[in-house]
């Protein structure tokens with residue numbers, strides 16, 4: 001038994017796919033709501049020409065939520081020639097569909113229309129519907145703006161949602177499939193670390209897409225020349241790279257940091273735009289604490305102690321701790337490992 005075996009078990013426990021039986025009811029409701037959206041949009045004169053899943057389900061990095069509140073992101077696409085000039089008009093139409101489906105207080109947010117589904121009075125899942133128009137050149141434009149935004153703050157903004165999915169799923173920048181799979185596991189680990197170690201409103205500011213971009217661009221695989229995999233080394237080196245790459249110290253006396261993570265595709269905006277100064281110091285310090293905890297794990301001499309620390313300080317109860325020590329623990333010689341940047 002090895003620490004990597006425990007990481008593999010952890011990854012299996014927290015991973016969630018679109019076809020998982022536990023979200024069958026959510027899939028069925030999403031399909032039903034999508035049919036209502038298509039019917040209403042057609043009635044209004046802008047029929048849906050495409051719809052597609054966005055977010056972690058399509059990039060295979062979804063994790064089981066600690067609060068059991070599942071998130072679904074579905075892009076709705078209409079033809080450019082039939083789109084209303086004011087993007088808020090079509091967002092209101094989508095909101096009306098959700099109201100008719102008895103969703104509680106669906107909201108028109110800047111990038112999407114969002115709603116919360118309750119079951120037996122408890123939050124069950126959360127829906128985000130970004131709306132796009134697509135022209136004959138296959139260029140997408142996102143409906144941007146809140147319900148009462150001024151004319152300057154509502155627009156159709158060029159976007160590349162499918163390009164972002166392709167970028168996150170692209171294997172060409174990785175040495176082999178094992179490195180690619182390790183990269184995806186690190187995203188799942190870091191999302192669970194965020195959900196476990198960062199609480200309340202602070203957690204909501206650490207966007208999953210920001211973590212995913214940072215991890216891909218900072219990824220340092222750890223796979224030995226013999227093919228042995230070491231996720232904790234990959235995690236440690238990748239987080240170190242993230243700290244070096246994305247944070248600027250803006251106040252040395254008080255050690256405050258800004259963070260900037262740009263989308264790799266249009267509109268190439270900063271993911272943490274308007275929140276970088278708020279999120280930067282928080283995330284930097286949390287990453288620093290994560291590295292300290294990993295150092296403590298590496299100093300332990302038994303598998304049980306290593307796993308107990310990872311469970312307590314990094315990942316929570318889903319990280320498995322073996323019942324008894326296995327004396328046949330794999331050891332890794334540092335020189336045997338390939339550990340190098342694999343990002344784009």
**OP:** Go through the stretch 99-122 and count every residue that is surrounded by fewer than 15 Cβ atoms within 10 Å (Cβ to Cβ) and within 22 Å of residue 28 (Cβ to Cβ).
**Re:** 9
Original post:
If you take the residues in the stretch 242-265 that are at pLDDT 95 or above and in a loop (DSSP other than H, G, I, E, B), which one is farthest from residue 287 (Cα to Cα)?
Top reply: 265
Subject >> Filtered residues of the stretch 125-151 (kept if farther than 20 Å from residue 269 by Cα and within 19 Å of the chain's Cα centre (by Cα)) >> reply: 125, 126, 127
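Go through the stretch 276-285 and count every residue that is buried (at least 16 other Cβ atoms within 10 Å of the Cβ) and touching a residue at least 40 places away in the same chain (Cβ under 8 Å).
So the count comes out to 4.
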Subject >> Residue in the stretch 31-41 that is touching a helix residue (DSSP H, G or I) at 6+ places or on another chain (Cβ under 9 Å) and at pLDDT below 95 present >> reply: yes
Subject >> helices (runs of 4 or more DSSP H) fully within the stretch 147-234 counting 2 or more residues that are out of contact with any helix residue (DSSP H, G or I) (no Cβ under 6 Å at 6 or more places or on another chain) and more than 15 Å from residue 59 (Cα to Cα) >> reply: 177-197, 200-204
**OP:** From the list 180, 189, 207, pick out the single residue that is within 28 Å of residue 25 (Cα to Cα), at pLDDT 95 or above, under 21 Å from the mean Cα position of the chain (by Cα) and surrounded by 15 or more Cβ atoms within 10 Å (Cβ to Cβ).
**Re:** 189
**OP:** Search the stretch 66-94 for residues that are in the same structural domain as residue 141 (by TED's automatic domain parsing) and touching a residue at least 60 places away in the same chain (Cβ under 8 Å) and pair each with any residue that is in a helix (DSSP H, G or I) and surrounded by fewer than 16 Cβ atoms within 10 Å (Cβ to Cβ) when their beta-carbon atoms are under 9 Å apart and the residues are at least 6 apart or on different chains.
**Re:** 86/151
Original post:
Which residue, of 138, 102, is modelled with pLDDT of 95 or more and assigned to a loop (DSSP other than H, G, I, E, B)?
Top reply: 138
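The values are calculated or read from the model by the stated rules, or taken from the named source; none is laboratory data. Fair warning: this is a prediction, and the values are worked out from it, not measured in the lab. Glycine gets a Cβ as well: all are built from the backbone with ideal geometry, and neighbour counts include every protein chain shown.
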